[in-house]
Amino acid sequence: MNERIISVEGLSWDYRIGNVVVPALRGVDLEVHRGEFASVVGASGCGKSTLLYILGGMLRATKGSVWIDGFDMIGARSASRTRFLRKNLGFVFQRFNLISSLNVFDNLKIACKIAGSARGYKEKIDGMLRHVGIEHKARMKPLELSQGEQQRVAIARALIKEPKILLADEPTGNLDSENSEKILALFRTMNRDLGQTILMITHNRRLADMTDRTFEMKDGKILSNGTSPRQTR
Ligand SMILES: Nc1ncnc2c1ncn2[C@@H]1O[C@H](COP(=O)(O)OP(=O)(O)OP(=O)(O)O)[C@@H](O)[C@H]1O
Ligand SMILES: [Mg+2]
């Protein structure tokens with residue numbers, strides 16, 4: 001029990017714009033347990049997305065250690081890291097990153113192919129689009145959809161390969177409360193039925209309180225080892 005699946009220690013990250021250094025992470029320590037649905041809350045600019053980019057392999061950190069399911073994200077070579085991430089990790093971006101020239105269905109199909117699970121994809125994609133409530137928009141292109149609909153496509157794309165770990169950056173940021181709760185319920189189902197570990201960033205305290213554990217982030221650091229709303233209630 002309580003086996004660590006994400007383990008971060010002393011993680012720092014500076015952005016550089018010319019000669020200007022912007023410190024974004026200043027020694028982050030974080031542990032997430034296997035099968036946990038955890039959340040990160042904190043003010044705008046405190047480093048939440050940067051932390052998720054490093055966990056998701058979009059930024060390569062040099063200061064600190066990051067282990068995901070026994071894999072050394074900092075020490076590993078690029079090719080094996082990419083293979084590991086494709087197989088094990090799903091990512092919902094704050095800014096969606098959908099492919100605008102492809103329709104909704106094909107955006108999900110590409111994700112299936114990249115994950116190497118192209119067999120039986122049609123039924124899987126139809127089912128996932130139903131889950132997020134946009135099955136009727138499968139042939140539309142991302143820019144023909146509302147922000148909230150694009151967000152739901154991005155969520156469907158991350159979930160379609162049934163990743164062991166899901167990292168979600170403000171997945172409900174553009175959704176009304178009814179759709180936010182539907183997405184939360186979907187995450188909870190994936191978490192329970194597939195044993196998926198989820199780390200979700202949110203501005204919404206009420207949603208954070210629905211997760212197993214909430215980490216507070218401030219000025220590039222995680223403040224505590226996480227609070228569990230179920231324990232404190
Ligand atoms: N590409 C970049 N170049 C330079 N500085 C950046 C870049 N991206 C982020 N930063 C800076 O790094 C800090 C952390 O940014 P980050 O995007 O991680 O914050 P965040 O907590 O996700 O904020 P939000 O809640 O608004 O999404 C901020 O001060 C931001 O201005
Ligand atoms: Mg952010």
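Can you tell me how many residues within the stretch 38-92 are within 16 Å of ligand 1 (Cβ to nearest atom) and open to solvent by 30 Å² or more (accessible area, probe 1.4 Å)? Qualifying residue count for the region: 9. Every test in (1) within 16 Å of ligand 2 (Cβ to nearest atom); (2) more than 17 Å from K221 (Cα to Cα); (3) touching a residue at least 60 places away in the same chain (Cβ under 8 Å) is passed by M58 save one, and that test is (3). Test I201 against the criterion of being in contact with a Pro (Cβ under 9 Å, 6 or more places away or on another chain) and either more than 16 Å from ligand 2 (Cβ to nearest atom) or at pLDDT 90 or above (or both), and give yes or no. Yes, satisfied. Annotation: of all residues in the stretch 105-142 being basic (K, R), assigned to a helix (DSSP H, G or I) and at pLDDT 90 or above, the one that is surrounded by the fewest Cβ atoms within 10 Å (Cβ to Cβ) is K122. Tell me, please, whether a residue that is open to solvent by less than 20 Å² (accessible area, probe 1.4 Å) and within 16 Å of ligand 1 (Cβ to nearest atom) can be found in the stretch 2-18. Within the stretch 2-18, one or more residues are open to solvent by less than 20 Å² (accessible area, probe 1.4 Å) and within 16 Å of ligand 1 (Cβ to nearest atom).
Among the residues of the stretch 19-37 satisfying the criterion of being closer than 16 Å to K218 by Cβ and open to solvent by less than 20 Å² (accessible area, probe 1.4 Å), which is farthest from ligand 1 (Cβ to nearest atom)? The residue in question is L30.
Just checking, which of L194, L167, L159 is hydrophobic (A, V, I, L, M, F, W, C) and more than 19 Å from L52 (Cα to Cα)? Lay out the reasoning, then the answer.
On the way: L167 fails: more than 19 Å from L52 (Cα to Cα); L159 fails: more than 19 Å from L52 (Cα to Cα).
Of L194, L167, L159, the one residue that is hydrophobic (A, V, I, L, M, F, W, C) and more than 19 Å from L52 (Cα to Cα) is L194.
Here is the figure for the stretch 95-104: residues that are open to solvent by 70 Å² or more (accessible area, probe 1.4 Å) and within 16 Å of ligand 1 (Cβ to nearest atom) total 2. Within the set of pairs 6+ apart or on separate chains, which have a first residue in the stretch 94-110 that is within 16 Å of ligand 2 (Cβ to nearest atom), a second that is assigned to a loop (DSSP other than H, G, I, E, B), and C-beta atoms under 8 Å apart? Filtered contacts from the stretch 94-110: Q94/E170; Q94/G173. Residues in the stretch 159-179 that are among the small types (G, A, S) and crowded, with 20+ Cβ neighbours inside 10 Å: A168 only.
The values are calculated or read from the model by the stated rules, or taken from the named source; none is laboratory data. It should be emphasised that the depicted structure is a prediction, and the values quoted were computed from it without experimental measurement. Glycine gets a Cβ as well: all are built from the backbone with ideal geometry, and neighbour counts include every protein chain shown. The area values use the complete protein model at the heavy-atom level, side chains included, leaving out ligands, DNA and RNA. Shrake-Rupley method; radii C 1.70, N 1.55, O 1.52, S 1.80 Å.
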